[in-house]
1. With only alpha-carbon pairs counted, each pair once and no self-pairs, how large is the Kirkwood hydrodynamic radius of the chain in angstroms?
2. What FRET efficiency comes out for the pair LYS73/ILE166, r = Cβ-Cβ distance, R0 = 35 Å, nearest 0.05?
3. Once both labels are modelled 7 Å past Cα along the beta-carbon direction, what's the LEU189-GLU21 spacing in nm?
4. Between PHE104, PHE117, PHE146, which gets the highest mean-square fluctuation from a Gaussian network model of the chain, Cα cutoff 10 Å?
5. So what's the back-of-envelope 222 nm ellipticity for the chain, counting only DSSP H runs of four-plus at -39500 (n - 2.57) apiece and dividing by all residues, rounded to 500?
6. Longer than 25 Å from Cα to Cα, which of LYS23/LYS105; LYS24/LYS130; LYS28/LYS105 are they? Say none if no pair is.
7. What are the lysines whose alpha-carbon lies under 19 Å from the alpha-carbon of LYS74, with same-chain residues fewer than 8 places away excluded?
8. Which FRET efficiency, nearest 0.05, do ILE198 and LEU155 yield, Cβ-Cβ r, R0 22 Å?
Amino acid sequence: MKEFKDYYNILRVTPRATDVEIKKSYRKLALLYHPDRNPSGEQFMDYFMEIQEAYEILSNPENRRNYDSEFIKKYGSLSSKHIKTAENLLNEFTHLSLLSKEYFKGGIPKQIIIDYFIFLISPPHPNILKNHLNIQEWENLANNIFKVLPLFHYLDLMDYEEEIQILIHNNKKEEYLEVINKIRKRHTLQRIKPFTIILISLIIIFLMYKYA
């Protein structure tokens, strides 16, 4: 019997996604995981083929209707993505880490990454990880989270501090505080930057007036 695949999860969209959202996500993922960009990674080739397969089904209205019927039979609804295991969730955070690198290269809109990160740290997902990870896996998870956090505005990040700290192992608490402190300093500099520019401009105008 052919294995049922969660094509929505493969394309990183919700089962309620519009055709436009599906197409947009497909294009980004296809570019990100294209074999020409990952010539030595067979695991990327496998995922690239899954992306192609998922889009072929979900981009066709009739195929998508048939697929949704099977999806509902398996999961009971079309209300959300279905992340069942710790391995699933770890893979999603690894994927987010990769996407964050693409953002800093100018390839992925920041809000897409932030929205998906918030989805992953929200209940019931953290409970999936309890008592299922070893020390190395907790550390890898923290490292992936640290790569996403700089995308946040400091004040927005503070809204999710409790949820994030649940996912940071004790061995990584100090490093987490260092990352947060860097983001806080960046936020402070951004706040005073306009006033600094105005002050410098006034000084220049004054000097020009005095010595003109």
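1. Numbers: mean 1/r = 0.0503 Å⁻¹.
The answer is 19.9 Å.
2. Values: r = 33 Å, r/R0 = 0.95.
Efficiency for this residue pair is about 0.55.
3. Distance between the two pseudo-spin positions: 3.6 nm.
4. In the Gaussian network model the winner is PHE104.
5. Details: 11 runs with 150 residues, N = 212.
Dividing the helical sum by the residues of the chain leaves -22500 deg cm²/dmol.
6. Flagged as over cut-off: LYS24/LYS130.
7. The qualifying lysines are LYS2, LYS5, LYS84.
8. Numbers: r = 23 Å, r/R0 = 1.02.
Efficiency, from the Cβ-Cβ distance: 0.45.
The values are calculated or read from the model by the stated rules, or taken from the named source; none is laboratory data. Computed from a predicted structure; not experimentally measured. Positions of Cβ are generated from backbone atoms using ideal geometry, with glycine treated the same way; all protein chains shown enter the neighbour counts. For accessibility, only protein heavy atoms count, side chains too; no ligands or nucleic acids. Shrake-Rupley method; radii C 1.70, N 1.55, O 1.52, S 1.80 Å.
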